[in-house]
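The next block holds one structure in the form of structure tokens; read it before the comments.
Every number here is computed from the coordinates shown, using simple stated rules; none is lab data. Keep in mind it's a predicted model, so treat the numbers as computed, not measured. Reconstructed Cβ throughout: ideal geometry from the backbone, glycine too, with neighbour counts over all protein chains shown.
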Amino acid sequence: MTAQNQTPVTAESLQSEITRHLKLSLGKDPKHASLYDWRMSLSLALRDQVVEPWFASTRQTYEGKHKRVYYLSMEFLIGRLIEDVTINLDVEGVAVEAMSALGQDYYTVVANEPDAALGNGGLGRLAACFMDSLATLAIPAYGYGIRYEHGLFEQHFENGQQTETAEGWLAQRHVWEFERPEVAYNIHFGGYVSDEGGKAHWHPAETVLASAYDTPVVGWKGKWANTLRLWAAKPVKLFDLDSFNRGDYVGANAPERLARTISRVLYPDDTTQDGKELRLKQEYFFTSASIKDLLRRFLSEGNKIEDLPNHVAIQLNDTHPAIAGPELVRLLIDKHDLSEEAAIDTARQCLAYTNHTLLPEALESWPEDLFARILPRHHRIIQMIQERHLQQTGSHVRIIEHGNVKMGELAFVMAHHVNGVSALHSELVKETVFSDLHAAYPDRILNQTNGITPRRWLYSCNPALRGLINDTIGTAWHTDLEQLQDLNAHLDDASFQQAFRAAKATNKDRMAKWLKDRNGITLDTSAMFDIQIKRIHEYKRQHMNILETIALWNEIRDNPTANWTPRVKIFGGKAAPGYALAKSIIHLINDVAATINNDPVTKDLLQVVYPENYNVSMAEILIPASDLSEQISTAGKEASGTGNMKLSLNGSPTIGTLDGANVEIREHVGAENFFLFGLTAQEADAKRGEHGYSRRAIESSPVLSRVLGQIAAGVFSAGDRYRYSDILHNLYEHDYFLLSCDFDEYFAKQREVDAVYQDVPRWTRMAAANTAGMGWFSSDRTIRGYAKDIWGTASVI
Ligand code: 26Q
């Protein structure tokens, strides 16, 4: 049975289900129900609607013996779920009505839901968009990850500086999941390996239990639902009764503490990895549980182990689950008696690996002694994989080198395909990090340009624009986003333009109200909303943006009566807690905001705002309200970007470099609708070879020199001349990210943006052309690419 056979949901039926859950699941009399109780009851009533399609999909996959996709990811940055489900089931109107009949405002209830923030940024959000597209396309799939007790930290500003507190989404019941106590695996660590009768035996020292929690992920119109299975770590032995009986009450809890630590918290770094033992344990914990689970499912269906690649496609979201290769090989050899060669071949035919970064400091590697101590059997297997790779290809690239186990090389050698996430990035993967492995395996690397789910990132977050698009070109775009190009016929139509501006104005008002309620800040909604939202990193160059802001402030003060275009500069994003320079950048932005926002000369022309704790829900408010999208990373450093796609799709032109997916966005929306500046990736590389390039660039730029001089003089730091010496020193002495070299062109391009923004029809045309041209960036297109080129799967309905 699919969802179509289900009785349709009406406001009345949903209302009575909500009331029933309120009483029977929450134990609350409607008279005394809190916002929390209403949210829980609504969520449970909606969850009920997903169960039948979910069962039906599982049955259909089983009966059709369809190949399944397993998406292994350390991160799933999901955000809120109520709206996701009502939109996909097409019951938002019904839900609004039902809640209102119960005396509740649906949107207030929706906003009460905490974000599931089980990810850092792009990679984790991509996994969530992929889950949505897999369900929408009816491709049988499981997402596998960790059920972190604490997701990404909450960010606060104290005197302009970032502080962090633990996030606690599980403090409230997570109603969307189903606990599966019967689905649990023992995961082992440490110990030693012995050889007995020619077979290796692993004698582990430690064991924890991986226990499954399932969340159904329903696709468009509820036609298909897949499973997100997250693993929680639990002790195999709940309690040490011997210790307790001896009076050692702390010791009695030791097994529990040890086990639960593993799924306690998400690592908050997204670019530097420092080889922590707990991180390796997390990686092995969820990967091993997932591999054991998919093998159990496969064998329970009566299949022969040699047939595994015809039934199973495992996608590794970066190297974090790269231990999947050796783990699968281990199980095939040690438990299923395959030869080493057959085990490696079988595993390789199942595995594929996506690379998300070229930054050397983000490439995972583990000290070999640590690795061998935690995973002694896998250490041996990797040596064996390496020997065979060296022999078979004559390549000199080693997986274990200089006392380190390199996870990128491991993932590459064990995968049948390796992909980058934008056209430029995939070429750079071939030319740089994996050039030698590319020579040894020339058909292995391919490209799958990232995408975003249009359900969340247009349909749901931007009702104003959704309505206008429906009125203008109909609704075919709901299932085929490339239909948005039909908007091109209306770009010069005055009434369409006016309606497009009205939709943007609605979204800017909504954001202004949100910020007013949250922080008491008043925004000038007639000003251009210029937005940079993403993790804080030197390569993303938020500091270039804030230096440009200071330069603009200077120019306005020099000539306050000129024809300036009023702007609000909006920043959002978190810095990894240990990344000192990124934290300095945050401090600088907040210091500059405090100075500029209090300047009576410029107050109607320039404002800087940086709301705390940027997350998925905040993105859903900011993105539809944006006029200008800042995508200004140093060329060659941003693998793809996906925020760039969300902003452009929502009618916000980009000012950006030729980096990551910006290149393809510009091709799709048209060069005339994109504000391009900056060095290319090749020019950037060449520039780094020129001795003293940054000092020279600064000295030849009066605008930049003046700004840096002001920072050095303490203009933004109450006279403190040293507060930003880390940033300044970096720029003068080793400006690896070439801010100094791109600055003047960036500043000039921004002045061009100012001018175009004042030409209202021209600007509106550009903004709408962005929406019209972005259909290709649907994650449905991306997933079809993976299915066809990598997984060998397709839609099953
Ligand atoms: C690794 C080891 C130890 C601790 C942490 C990590 C770690 C965790 C997360 C390393 C990297 C990440 C996340 C990377 C990431 O989000 N990359 C982004 O992926 C997006 C989706 O492909 C791209 O659009 C972005 O360009 C890329 O930066």
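For region 484-536, applying the loop criterion from DSSP together with a ceiling of 14 other beta carbons within 10 Å to the trypsin sites (Lys or Arg not before Pro) yields no site. So which lysines pass the test for Lys65, namely a Cα distance under 30 Å, with those fewer than 8 places away in the same chain ruled out? Correct list for Lys65: Lys221, Lys223, Lys292, Lys304, Lys335, Lys788. Footprinting exposure proxy ranking of Glu158, Glu12, fewest other C-beta atoms within 10 angstrom first, gives Glu158, Glu12. For Glu149, the amide hydrogen comes within under 5 Å of the amide hydrogens of Arg264, Val265, counting only partners 5 or more places away or on other chains and with H modelled in the peptide plane.
The phi-based Karplus calculation (6.51 cos²θ - 1.76 cosθ + 1.60; θ = phi - 60°) puts the 3J(HN,Hα) values of region 670-683 at x, 4, 6, 10, 9, 8, 8, 8, x, 5, 7, 4, 5, 4 Hz, whole numbers, x for Gly and Pro. Each listed q (0.09 Å⁻¹) maps to a log10 I(q)/I(0) for region 200-334, found by the Debye formula over equal Cα scatterers with no solvent: -0.38. Projecting the Cα atoms of Gly160, Tyr70, Thr680 onto the dipole axis of the chain, where Lys and Arg carry +1 and Asp and Glu carry -1 at the beta carbon, places Tyr70 farthest toward the positive end. Assuming charge only on the beta carbon of Lys and Arg (+1) and of Asp and Glu (-1), the dipole of region 266-417 about its Cα centre is about 340 debye to the nearest 20. Counted residue by residue at 0.36 nm each, then reduced by the alpha carbon distance between them, the extension gain from Asn253 to Asp337 reaches 26.4 nm. Applying the criteria of a DSSP loop state and at most 11 other Cβ atoms within 10 Å to the trypsin sites (Lys or Arg not before Pro) of region 303-400 yields Lys304, Lys335. Determine the sum of side-chain charges near Leu606: Lys and Arg each +1, Asp and Glu each -1, restricted to other residues whose C-beta is under 14 angstrom from that of Leu606. Overall, the nearby charge balance is -3. Note on Arg380 and Arg696: the extension gain reaches 108.6 nm, defined as 0.36 nm multiplied by sequence separation minus the Cα-Cα distance. Within the straight-line cut-off of under 14 Å between alpha carbons, the aspartates and glutamates reachable from Lys569 are Asp524, Asp530, Glu548, Asp591, Asp604, Asp627, Glu630, Asp754, sequence neighbours fewer than 8 places apart in one chain being disregarded. Placing +1 on each Lys and Arg Cβ and -1 on each Asp and Glu Cβ, with no other charges, gives the chain a dipole about its Cα centre of roughly 1100 debye.
Sorted fewest first by neighbouring Cβ atoms within 10 angstrom, Asp726, Asp369 come out as Asp369, Asp726.
Basic side chains Lys and Arg get +1 at the Cβ, acidic Asp and Glu get -1 at the Cβ, and with that the dipole of region 2-139 about its Cα centre reaches some 500 debye. Looking at the chain alone, DSSP beta bridges between its own residues are antiparallel in about 45 percent of cases.
All Cα-Cα separations within the chain were binned at 10 Å from zero, giving a P(r) of 2, 13, 23, 25, 20, 12, 4, 1, 0, each value a whole percent of the pairs. A full extension of the chain between Asp720 and Lys603 corresponds to an added length of 39.7 nm, given 0.36 nm per residue minus the alpha carbon distance.
Which residue, chosen from Leu46, Ile87, Gln60, occupies the Cα position most advanced towards the positive end of the dipole of region 1-114, where the dipole is computed from +1 (Lys, Arg) and -1 (Asp, Glu) charges on Cβ about the Cα centre? Of the listed residues, the answer is Gln60. I'd like the distance between the alpha-carbon centres of region 450-515 and region 518-590, rounded to an integer number of Å. Spelled out, the Cα-based centre of one part sits 26 Å from the other. The mean sequence distance of close C-alpha pairs (under 8 Å, at least 6 residues apart), as a share of the length of the chain, puts its relative contact order at 13 percent. The ranking of Leu209, Leu581 from fewest to most other beta carbons within 10 Å of each one's beta carbon is Leu581, Leu209.
Model label sites at Asp443 and Thr7, defined 7 Å from Cα along the beta-carbon direction, differ in position by 5.6 nm.
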